[in-house]
Structures are given as structure tokens and as C-alpha cells.
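Participant: The structure that follows is given in the form of C-alpha cells.
The values are calculated or read from the model by the stated rules, or taken from the named source; none is laboratory data. Computed from a predicted model, the values in this text were never measured in an experiment. So basically every Cβ, Gly included, is an ideal-geometry build from the backbone, and we count neighbours across all protein chains shown. Ligands, DNA and RNA are excluded from the accessible area calculation, which covers all protein heavy atoms including side chains. Shrake-Rupley method; radii C 1.70, N 1.55, O 1.52, S 1.80 Å.
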Amino acid sequence: MTARKEKKILLIEPPFYRLFKNTYALDRYPLSLGYLAAVISQKTTWEVMAYNADFYPARDPIKVSYLSGAGFDNYLANLKNPAGAIWKEIKSVIAGYNPMVLGISAKSQNFTSACMITRIAKEINKDIIVIIGGVHPSLTGRDVFKNAAIDISVRGEGEDTIIELLNAIESLRSLEGIKGIIYRKNDLLIENLPREYIKDLDSLPFPGDSARRLLKGYAKYPKAAFSHIFTSRGCPYNCFFCSSRNIWNRRVRARSPENVIKEIKALREQGVRIFDFVDDNFGINKEHIIDLCNALIRHCPDIKWSCELHVNLVEEEAISFMKKAGCFLIQIGVESGNNEALSRIRKNITIEKALSAAKIIKKYGIKLQAFFIIGFPWDTEASLDDTVKAMRKIKCDILTYSIFTPYPATEAFEFCKENGLIKEDYDVSLYNHQSPANNFCINIPPRRFRMLASKIERMVDRRNSINRIKRIFSPATFFMIRELGISRSIHKGTQILLGK
């Protein structure tokens, strides 16, 4: 590595939604960038800028959109066109900022987009140091280095790792011994030991505190873009399709209620009044839920908030406290209407329990968003019919439909490979939860599955008409619902895509 005068790092969220249509957007400050930018600013002397390349500030009419059809064609065309407008924008930002280090946060669905950015960066300056992190690199390890433009990969939590990396780069030290990374050394790939998980999550700075200084285009973002908060990392469950345990493991680490309240108060001073707790599963147990709700009732009685809750944690006492504390929307993952399928995916629930949980949530006047997935490898037309019946039966305000998508290096992916559903030429860019390319069923031929999936899409569209949702929610909470949907983690297999 050669010494550079300016210590500047640019952190990028690659485009995904904007590739379907430029005015579809991730209208939020990605927490991955927010935490990294905040710790870099706090603990180093590096200049840092966070750039969400999947953000577009225009305000077009909002509509429900499954990312298929013409939108999917646009997406594929944009991925293959390095001269496209969005790549010119990204090139201009990188060239204008002229960073010594480029950090990219990548999920599987935007990894191909991330690779395009790495090539753009190296064309601008071959000496720029390209670091990639996030869910996809954490899962796939050395595989990301098939892209020759990637210099370093960060696996797992990045807050401590990025500080050590920047200190080493600044002083021209070897990267040997920096836990949690894989890096190139001459013609070799060196894989260091994994990094331990951060023990005290309260020690992390709040992304919102520094967003005004560090986020490109801050003034163009809506207030809701800064309303996403996690209270814990990790999930104790073991669902077949989920990558959470591969990233965080199954031991849950929680922030203290006092620390969460402090962050909410800081955001409230910036005008945020509606929040989304983005934990994989909100509330490790009933006691944790009640402790946090008591703190919210005492210190923040004027806010509203939403969360995703496991069906097994839906019980009268907890839901009652959540309602008193300002919860206006709960999301639950039902996934299937077939109990055999629920058992095979290790959801640890039955459809009867899920329907009962929905009734409890509605009893307390809380809006409900229910997640379902079709197309599990062992799905049959009969099990799909069970799921459709459950979709029609459940008393929810928003119905969310996804197609099963196995992501590289997950258990689901390996199962599909072993059963001949994934070939050696698997292209990760082709598959997302509404992709017309998705078909990983052993028992249903591709054309028949696509016909059934399209029929379910139309049913969900009718139920989730925007006019209907607008009648249910106030303008402020409706806007927040859109933010929740478009930002829901695609790796969890449970999302609604409310695009612009």
C-alpha cells in the first residue's frame, strides 16, 4: 500500500430498488452505514461520508409493486449497462469525494450491484482500497474474491473491525492479526480469525446523532428515514430459510432500556415521532418486552412504534403493555398455512397458533402485518392452497407475500443444491422474494408454479390496495408503513415492497 495524504473513506449502500425504476427507493439511512460512519467519526481522525446509492428524493405517487414484469426487465438491463445513469451518478460521487478507502455494505440481492461499484472505483483510481462487508460477504467468505476489484472482506459485525483496519491502513501496517477479515496479500488470500461479538451494545454511538454531518443528501431525506432502531442483535430461533443465525448466532444481545430511551429522545428532538424497532425478533422474552415498554411509558409517552414479534411471544400481558407503550403495528411471520411445512422449516408454531396470535393483537387495537412465503422446496399445490386459505382467513391489515429464496451459504441454499434445485451457474442477481425467476419446488413444475404465484400475487394486490391501507392509517403512519415495508431485510424472507 502506498501512503496517501487525505484520510477519507466513503461508505456506500449499493442500488437495488432503483434498478427496477429510478423512483423506487430505499428511503432510509441504512443502519449498516449509520453505525460504521458514526464509530469512524467518533474513534478515528478519518473523514467519512455515507452514501445511500439506493435513495431517490422525488415524491411520486405510492403504489404496491411486486418486483417483476417490466420492472424486473429494467433491473436486469441496468445491471448489464455500466453506462447507465445510476452508475454515472455513483461514479461522479466517488470521483468527487476521492476517498482513499471505499467501504461497501452488501446483501445478496445487491451484491452484483456492489461488484459494479467496485469496478467503477478501480477505474477512477486503481489504488483505492475496496472493502466489502455486510450479510453476503459474511456468509460467503472467500467466494467474494472472485471479483478481482475487492481487496478486503469484513465478516460479521464491522464496527470494531473497521477501526482497526483504518488504523492499520493509515500507519501502513500489515493486516495480519486483524480479526474478522479476509484480504489479498500478493497472490494469496489470507483469512484471519473471526472477531468476537460486541459485548456491550450500549457502547455504540447512535447513527442519528451524526447523520446530519455524515450522510450525503441528508436534507432530502424524510424524517422517517431516521426512525429505525434496534434493541438487540441475534435471534434465538432456528428457521430453515433464515440467515440471521449465520450472522449473529442464536445468542441474543440486548441493549439496556435506558440506552434505547436515550436514542429515542435524541431522535424525537429531531422531529421523529414514529419508530420501527428492527430487531430480527423484538423482545427476547416477555420480561424484556415489559421492561422496555415500562421505560417507554415513563419516558416517551408521546411516540408510536412498530416491531416484528414471534408468534410464540404474542400473549395477552405482553401485548397489553405494548399497546400502552405506543405500539401501533406488529409484524408476525406466519410463513405457511400448512403445519407440516411449518414443522419442516422449524418455525416452532402451528397455523392455529398464528391465527390465535393475530386475534390477540387485533383485540388490543394494534394493526397487524402478516408475512407468508410460498415455494418451499417441498411445497405441493395442496400445501400452497393451505397457505392461500390462511392468507384469506387471517385478520390482518397488511398481507405480505414472498417467494422462497435460498441465499448462498445458508442451510436452505445447501438443501436446494443437494436436491438439484440450484445449478453450478447460479446467478445471485436473478433471485429475490418477488423475482419471476424464483422456483425452488421439487413437486411443482416451473411454468405451473409461476402461474400459481401470479394468481397469489393478484389476490395479495387486491387485499393490499393502497386506498384501503390509506383508510386504515393516518397520513403519518401510512408513510411509516411504506418505510417499514421497503426497508425490511430481504434476507429474512419476510418483506413487503411498497415502492414509489
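Participant: Three principal axis extents, largest first, for the C-alpha atoms of segment 293-341, in Å?
Facilitator: 44, 17, 11
Participant: Given Cα pairs under 8 Å that are at least 6 residues apart, what percent is the relative contact order of segment 280-361?
Facilitator: After rounding, I find 31 percent.
Participant: Would you compute, from DSSP H runs of 4+ residues alone, the mean residue ellipticity of the chain at 222 nm, taking -39500 (n - 2.57) per run and dividing by the full residue count, rounded to the nearest 500?
Facilitator: Value at 222 nm, helices only: -12000 deg cm²/dmol.
Participant: How much length is gained on full extension from LYS43 to ASP302, taking 0.36 nm per residue of separation minus their Cα-Cα distance?
Facilitator: Result: 89.9 nm gained on full extension.
Participant: Now for a separate question. Between ILE198 and LYS220, take the C-beta separation as r, use R0 = 30 Å, and let me know the FRET efficiency to the nearest 0.05.
Facilitator: Efficiency, from the Cβ-Cβ distance: 0.45.
Participant: Can you give the translational diffusion coefficient of segment 348-406 in µm²/s, computed by Stokes-Einstein from the Kirkwood radius over Cα pairs at 4 °C and 1.567 mPa s?
Facilitator: 105
Participant: If you don't mind, there's one more thing I want to ask. What whole-number value in Å² describes the accessible area per residue of segment 217-342 for a 1.4 Å probe?
Facilitator: Accessible area per residue, segment 217-342: 35 Å².
Participant: Continuing with the same structure: Keeping all protein chains in the complex and leaving out DNA, RNA and ligands, what accessible area do you get for LYS262 with a 1.4 Å probe, in Å² to the nearest 10?
Facilitator: My reading of the accessible area for LYS262 is about 130 Å².
Participant: Now a separate question. If packing is taken as the mean number of other Cβ atoms within 10 Å per residue, what is the order of 236-243, 349-356, highest first?
Facilitator: Answer by packing, highest mean first, reads 236-243, 349-356.
Participant: As an exercise, identify the trypsin sites (Lys or Arg not before Pro) in segment 73-164 lying in DSSP coil whose Cβ has no more than 11 other Cβ atoms within 10 Å.
Facilitator: Loop-located and lightly packed - LYS80, LYS126.
Participant: Follow-up question, since we're still on this one. Which order do the peptides 14-21, 72-79 come out in when sorted by mean C-beta neighbours inside 10 angstrom, highest first?
Facilitator: Those peptides, ordered most packed to least, come out 14-21, 72-79.
Participant: Give me the accessible area of SER32, 1.4 Å probe, in Å² rounded to the nearest 10.
Facilitator: Accessible area of SER32: about 50 Å².
Participant: Oh, and also: Per residue, how much accessible area does segment 87-195 have with a 1.4 Å probe, in Å²?
Facilitator: For segment 87-195, the per-residue accessible area is 40 Å².
Participant: Counting only Cα atoms, I'd like the Rg/Rh figure for the chain, Kirkwood definition for Rh.
Facilitator: Computed over Cα atoms, the ratio is 0.94.
Participant: Going by a 4.7 Å Cβ-Cβ cut-off, which cysteines of the chain have no partner at all?
Facilitator: When partners are defined as cysteine Cβ atoms under 4.7 Å apart, the chain leaves CYS115, CYS235, CYS293, CYS300, CYS307, CYS327, CYS396, CYS416, CYS441 without one.
Participant: Right, something else. Under a 1.4 angstrom probe, counting protein chains only, how are GLU47, GLU335, GLU340, GLU424 ranked by accessible area, largest first?
Facilitator: Greatest to least solvent exposure: GLU424, GLU340, GLU47, GLU335.
Participant: Can you sort GLU89, GLU170, GLU123 by solvent-accessible area, 1.4 Å probe, largest first?
Facilitator: Largest to smallest exposure gives the sequence GLU123, GLU170, GLU89.
Participant: Please get the size of the charge dipole for the chain, origin at its Cα centre, with Cβ charges of +1 on Lys and Arg and -1 on Asp and Glu, quoted in debye to the nearest 20.
Facilitator: Charge dipole of the chain: 1420 debye, to the nearest 20.
Participant: Once you've got the Cα coordinates, tell me which of LYS21/LYS262; LYS146/LYS199; LYS223/LYS455; LYS199/LYS362; LYS393/LYS455; LYS88/LYS455 are over 29 Å apart.
Facilitator: As for pairs spanning more than 29 Å Cα to Cα, those are LYS21/LYS262; LYS146/LYS199; LYS223/LYS455; LYS199/LYS362; LYS88/LYS455.
Participant: Another one. Of all DSSP beta bridges located in segment 126-193, what percent are antiparallel, nearest 5?
Facilitator: Percentage antiparallel, nearest 5: 80.
Participant: Still on this structure: Give me the number: length gained by fully extending ASN419 to MET459, i.e. 0.36 nm times residue separation minus the C-alpha to C-alpha distance, one decimal in nm.
Facilitator: Separation in residues times 0.36 nm, less the Cα-Cα distance, equals 11.3 nm.
Participant: Express the relative contact order of the chain as a whole percentage, based on alpha carbon pairs under 8 Å and six or more residues apart in sequence.
Facilitator: With pairs under 8 Å counted, the relative contact order is 15 percent.
Participant: Here's something else I'd like to know. State the three equivalent ellipsoid semi-axes of segment 200-292, derived from the C-alpha gyration tensor as the square roots of 5 times its eigenvalues, in descending order and whole Å.
Facilitator: 26, 16, 12
Participant: Further question on the same structure: Looking only at the chain, where both bridge partners belong to it, what percent of the DSSP beta bridges are antiparallel (to the nearest 5)?
Facilitator: Percent antiparallel among DSSP bridges in the chain is about 20.
Participant: Could you check how much of the accessible area of the chain is carbon and sulfur, as a whole percent, using a 1.4 Å probe?
Facilitator: 51
Participant: For segment 233-377, just say rounded, prolate or oblate: build the C-alpha gyration tensor, square-root its eigenvalues into a ≥ b ≥ c, call rounded for a/c under 1.5, and beyond that prolate if a/b exceeds b/c, oblate if not.
Facilitator: The shape class here is prolate.
Participant: In segment 146-226, what is the volume of the convex hull around the alpha carbon atoms, normalised per residue and reported in Å³?
Facilitator: 155
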